[in-house]
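Each remark here refers to the structure printed beneath this line.
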């Protein structure tokens, strides 16, 4: 308790100015009344001597009044300065913490001593319980010694219980003292930490908010404990008062009983009661210090909890003050990122509406605006990261705890995200390019962060025309699939047209004919392809191919197959094929000796007479490609191939 005398003195001395001010006000009022009375008496008194004496006394009272008024003015000024000095919650908290000890060594030693005393007192009480249990439950009326012994044990047990309760309350007070020292040290550390971390951030804001909520909860808990302690203190004080009053009554009763018995007047019953009451008096005398200790321990616990509550309230006000400063600083910190964000957005709008339409058209404009939006987001993110680096670090730390699970569950998303950079930086393809991915062909409509949008080409149409369906393909296909780009490098692709002529068609004439048609129809495409191939050669350093029309032949089952190899733009593949086909059909009408082959069946005519009519039913083929003429029936008119009859 002595360690907390300075703090209690601070509280008392804090109240002394108020008491002194009230006393001075009362004295001022008395002086003014006396001065008015003396002035009235001096005016009414005709004696010069009496007036002189009253004037001297009046002068003294006026001097005292002036001194009191001046002292009150100085005290008011000092109080105003003290109030102005204590306006800062931080300073109030620091001044209060100076009154709390820096360590709890004494309290911890006292707590260990109390623990040993409690063990000893508990053992003594248990021994008395066992001794009481060994006594008979009802003593013989004449056995006064047994009755006195039982009463003595019962009173000693009661006293031992009060002693244990006093030790327990003293232990609680010592623990409260230790908690106060530790809490004060925590508050000192918080003040130093808060002073060191002055940069506003979400981390500090959340930390201050959590600390403020914690201090509010602590204050409410301490309020409840103080209320309970006040109730316990009232009960203990009442019990102490009852014990003192009982002790006085026992003294009176002992005096009365002493008058009823003596050497000449022996009364065994009165002597037994007298012995019992004497034991009771002795036990009450031993019990009073323990009851007093209980009251003192409860008062000490209440005072310590009151100090802890005051510290928590001051800490709460200090944290609240710091929270307001951090909020104001954080709002000021957001001014630059906000202004930078608005400026970047405004610049992008001006460029997107004014400059980009002059530099790009259609797909290029769309892609430029898309990349511009991504650039705006990147710049804004960079500015925010620079000014809010602590918040970004907090977010990164939080996400780092679950990053493994996120990467595993969202691996395709991350792959698509990084694939976008590969597409943009590597220029794999762009809007308007024709791609073929996993057998699906389409033209690129849009390239977003996570997916690429295509409009489907060909499919069931069998021609290079859009089908009307739109495909959304995750960007990670550039890492996992083969991607064919028809637009990059050389936009001219090789095509093949197969034609089969009969074996009896003049081969040289057919070859010249097909070569002529192919040269005429693809001359312009080959010229453009050679120019594009020259650019490819400069870029990659190797020749792509020999850009001339080519014709290859092979022997097939029903004739000679000519493979016409040519180039065309990837967008006009179907148009070029259709144009060559029409030219061939028109020219073949002029060259009757060049016949296109198809499935045929050669029938050899026979001059051998037929001995019997042909059997009914299907025609029997005698050889692979020869059937006697006599076996031809009317059913051949329904065959899905041509029949050629030759005579022998």
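Packing, taken as the mean count of other beta carbons within 10 Å per residue, orders the peptides 559-571, 31-43 from highest to lowest as 559-571, 31-43.
Compared with the alpha-carbon gap, the fully stretched path from residue 231 to residue 29 is longer by 68.6 nm at 0.36 nm per residue. In the range 483-537, inverting the average of 1/r over every pair of distinct C-alpha atoms gives 13.7 Å as the Kirkwood radius. Our estimate of slack between residue 282 and residue 546, defined as 0.36 nm per intervening residue step minus the Cα-Cα distance, is 82.1 nm. A straight chain from residue 557 to residue 572 at 0.36 nm per residue would run longer than the Cα-Cα distance by 2.2 nm. Working ranking of peptides 295-301, 327-333 by packing, defined as the average number of other Cβ atoms within 10 Å per residue, highest first, is 295-301, 327-333. Which shape class, rounded, prolate or oblate, goes with the range 492-588 when its Cα gyration tensor gives a ≥ b ≥ c as root eigenvalues, a/c under 1.5 marks rounded, and past that a/b bigger than b/c marks prolate? The shape class here is prolate. Using C-alpha pairs below 8 Å separated by at least 6 residues, the relative contact order for the range 492-588 is 45 percent. What whole-number value in cubic angstrom gives the convex hull volume per residue for the C-alpha atoms of the range 96-333? Expressed per residue, the convex hull around the Cα atoms of the range 96-333 is 144 Å³. As a calculated quantity, the FRET efficiency between residue 122 and residue 209 at R0 = 45 Å, using C-beta atoms, amounts to about 0.45. Per the Kirkwood definition applied to all pairs of different Cα atoms, how many angstroms is the hydrodynamic radius of the range 438-551? Every distinct Cα pair counted, the radius reaches 17.6 Å. In this calculation the C-beta distance from residue 523 to residue 590 is compared with R0 = 22 Å, giving a FRET efficiency of 0.60. Between the beta carbons of residue 470 and residue 530, assuming R0 = 35 Å, the FRET efficiency works out to 0.45 to the nearest 0.05.
All of the numbers you see were taken from the coordinates with simple rules; none came from a lab. Worth saying up front: this structure is predicted, and the values here are computed from it rather than measured. As a convention, Cβ positions derive from the backbone with ideal geometry for all residues, glycine included, and neighbour counts pool all protein chains shown.
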